[in-house]
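Some notes on the structure that comes next.
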């Protein structure tokens, strides 16, 4: 289901019952909360059982936190779009969640309208961050990785396809990528198809996770 098709199926993961109840109450007029959980173990069970459109995932859970949930979902081959929720906007909390596969990150001070927009954005396969958090993410993925060798899969990509890959991982829409690279949207679509085929991926979300899990990043061309 996409945001344009109506109500989304959500799972809320947070270790505070009152917070989960509050989120459910705020979102129930717009979407269907099909499950909630307080621990990573409960979260994995409900996510696998319900296969939600979006998971709202607390960062600071017991027993490994939100990162543990994301890593376990990856190992299970279950990859719903995940929007991280936290009281913290510190880089040390934001970056590990994105590296582990979260598609967006918002703080718990967010208002309902902005939360709904963030949910719709990640449901559509796009990244969602405030400007401050986006700066952390871009800085983290622009930093060189001193000891990691380039994955063999990258050798199959042309230089232009690599540029498109990293713009996709930053959450840029096709039109924005086209404008930044000075090419047509149709050409961007062609490059995206080639990237997905060569890396054996099937969606923008998988591209973001693929890049993040390998600690890859290049300096922004602009």
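Worth pointing out:
- Any chance residue 135 is at pLDDT below 85, surrounded by fewer than 16 Cβ atoms within 10 Å (Cβ to Cβ) and assigned to a loop (DSSP other than H, G, I, E, B): no
- Residue within region 85-95 that is within 15 Å of residue 125 (Cα to Cα), in contact with a strand residue (DSSP E or B) (Cβ under 9 Å, 6 or more places away or on another chain) and either at pLDDT 90 or above or surrounded by fewer than 19 Cβ atoms within 10 Å (Cβ to Cβ) (or both) present: no
- On inspection, residue 14 qualifies as closer than 23 Å to residue 109 by Cβ and either crowded, with 19+ Cβ neighbours inside 10 Å or not assigned by TED's automatic domain parsing to the domain that holds residue 89 (or both).
- Residues of region 22-33 include at least one that is touching a helix residue (DSSP H, G or I) at 6+ places or on another chain (Cβ under 6 Å), at pLDDT 95 or above, within 29 Å of residue 63 (Cα to Cα) and part of a strand (DSSP E or B).
- Meets criteria (in contact with a helix residue (DSSP H, G or I) (Cβ under 6 Å, 6 or more places away or on another chain) and part of a helix (DSSP H, G or I)) for residue 94: yes
- On the stretch given as region 182-202, residues that are assigned to a helix (DSSP H, G or I) and free of Cβ contacts under 8 Å to residues at least 40 places away in the same chain total 13.
- If you go through region 98-109 and keep only what is assigned to a helix (DSSP H, G or I) and either without any contact (Cβ under 8 Å) to a residue 40 or more places away in the chain or more than 12 Å from residue 133 (Cα to Cα) (or both), you end up with 99, 100.
- Boolean, residue 103 is modelled with pLDDT of 95 or more, crowded, with 21+ Cβ neighbours inside 10 Å, touching a strand residue (DSSP E or B) at 6+ places or on another chain (Cβ under 9 Å) and under 28 Å from residue 166 (Cβ atoms): no
- Here residue 74 meets each of (1) surrounded by 17 or more Cβ atoms within 10 Å (Cβ to Cβ); (2) in contact (Cβ under 8 Å) with a residue 40 or more places away in the chain with one exception, condition (1).
The values are calculated or read from the model by the stated rules, or taken from the named source; none is laboratory data. These numbers come from a predicted model, not from an experiment. Reconstructed Cβ throughout: ideal geometry from the backbone, glycine too, with neighbour counts over all protein chains shown.
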